[in-house]
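What follows is one structure encoded as structure tokens, with my remarks underneath.
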Amino acid sequence: MEYQKEVSQILQNIEKVMIGKQREVMLSLVALLADGHVLLEDVPGVGKTMMVRSLSKSLDCEFKRIQFTPDLLPSDVTGVSIYNPKDMAFEFRRGPIFGDIILADEINRTSPKTQSALLEAMEEMNVTIDGMTKSLKKPFFVMATQNPVDYEGTYPLPEAQLDRFLMKLRMGYPNEADEIEMLNRTDRTHPLDEIEPVIHREQLLDMQKQIEGLYVDETVKQYIVRLTAATRKSPYVQLGVSPRGSIALMKAAKAYAFVQNREFVIPDDVMYLAPYVLTHRIILRPEARYEGIIPSHLLKTILEEVDVPVRRELHG
């Protein structure tokens, strides 16, 4: 398939910075290629910001960073119209949301009103400013971060808004060998400074278009729907995965197949991606939480119980 060399180079680029995080690196690229967004939830200092910065440098796309704070206004994200007395007219000054790759840092530290400005852009591919709708251009990829430890002064994302993210990932601490390698690589220069662009925005758009055309067998689609339907039927679940989640899982599976140099999706792709795409879309009943049940454990049980399609040639 076309672009496989470029895909490998992008992954190698990011892994120069994100040592020992091959899975998270690959999943972030899959989300970008699937035209989705990622929520990175983890403690400070594990490389969340470096992940998105290294990705943007590899793609030669316009990178914008939004540092979310309690006093941030929606107009600080979307932009504002300013009166120009010389021309006697209002001029629109674009906010950081008008970029290709957006780092929304500590998204849970800003007010729900400002969060909704970002989430509207993620879902609708446009923003509303002074009653006027302005469209965003593709590619448009948001990687938001939040700290799960410090809750004071934060505004947790409502479950309905979490659904806007294709994947929710956690980085985790590196092991001892990887952390020593980090010290060695940053001893004199930062590996981020050595990253060179691999592809341009037009090539990225072409890759996304190719991924849309990848083949998904009817049995695989049925498998996706059975998985999501099982989350809605569980007695422990208050709100299961919506049809949007089914679509997200299929899109992610296509992008993963592309990265794996296949023109078709197999059930293993769906099984591998389901925990990252579906877990944050499951809302449990209070009694389930009291019993110590968490969404990831419930989804693991569902994956074990739902029949997997019989393997056969799935490339049509």
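The values are calculated or read from the model by the stated rules, or taken from the named source; none is laboratory data. Here the structure is a predicted model, which is why all the values come from computation and not from measurement. Counting neighbours? That spans all protein chains shown, and the Cβs are built from the backbone with ideal geometry, glycine included.
Within the stretch 96-123, being hydrophobic (A, V, I, L, M, F, W, C) and more than 16 Å from the chain's Cα centre (by Cα) holds for Phe98, Ala117.
In the stretch 39-78, how many residues are acidic (Asp, Glu) and under 28 Å from Met182 (Cα atoms)?
4
Among the residues of the stretch 304-313, is there at least one that is part of a helix (DSSP H, G or I) and more than 22 Å from the chain's Cα centre (by Cα)? Yes: one or more hits.
Residue-by-condition table, conditions (1) at pLDDT 85 or above; (2) charged (D, E, K, R); (3) assigned by TED's automatic domain parsing to the domain that holds Ile10; (4) out of contact with any strand residue (DSSP E or B) (no Cβ under 6 Å at 6 or more places or on another chain):
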position: Ile66; (1), (2), (3), (4): yes, no, yes, no
position: Leu73; (1), (2), (3), (4): yes, no, yes, yes
position: Ser81; (1), (2), (3), (4): no, no, yes, no
position: Asp87; (1), (2), (3), (4): no, yes, yes, yes
position: Phe90; (1), (2), (3), (4): no, no, yes, no
position: Gly95; (1), (2), (3), (4): yes, no, yes, no
position: Ile102; (1), (2), (3), (4): yes, no, yes, no
position: Pro112; (1), (2), (3), (4): yes, no, yes, yes
position: Ser116; (1), (2), (3), (4): yes, no, yes, yes
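The residue that is surrounded by the fewest Cβ atoms within 10 Å (Cβ to Cβ), counting only those in the stretch 251-281 that are closer than 20 Å to Leu239 by Cα and touching an Asp or Glu at 6+ places or on another chain (Cβ under 9 Å), is His280.
Once the stretch 160-187 is narrowed to residues that are assigned to a loop (DSSP other than H, G, I, E, B) and surrounded by 15 or more Cβ atoms within 10 Å (Cβ to Cβ), the residue that is farthest from the chain's Cα centre (by Cα) is Pro174. Checking each residue in the stretch 188-208 for being acidic (Asp, Glu) and assigned to a loop (DSSP other than H, G, I, E, B) picks out only Glu196.
If a residue counts only when it is crowded, with 18+ Cβ neighbours inside 10 Å, of a type in the set (Val, Ile, Thr) and in contact (Cβ under 8 Å) with a residue 24 or more places away in the chain, which helices (runs of 4 or more DSSP H) contained entirely in the stretch 1-119 have at least 3 such residues?
4-17
Where residues in the stretch 209-218 are without any contact (Cβ under 8 Å) to a residue 40 or more places away in the chain and in a helix (DSSP H, G or I), which of them is farthest from Gly47 (Cα to Cα)?
From the stretch 209-218, those without any contact (Cβ under 8 Å) to a residue 40 or more places away in the chain are 209, 213, 218; that's our starting set.
Keeping just the survivors that are in a helix (DSSP H, G or I) gives 209, 218.
Numbers: Lys209: 30, Glu218: 39 Å.
Selected residue: Glu218.
Of the residues making up the stretch 140-147, not a single one is in the same structural domain as Ile19 (by TED's automatic domain parsing), buried (at least 16 other Cβ atoms within 10 Å of the Cβ) and either assigned to a helix (DSSP H, G or I) or more than 21 Å from the chain's Cα centre (by Cα) (or both).
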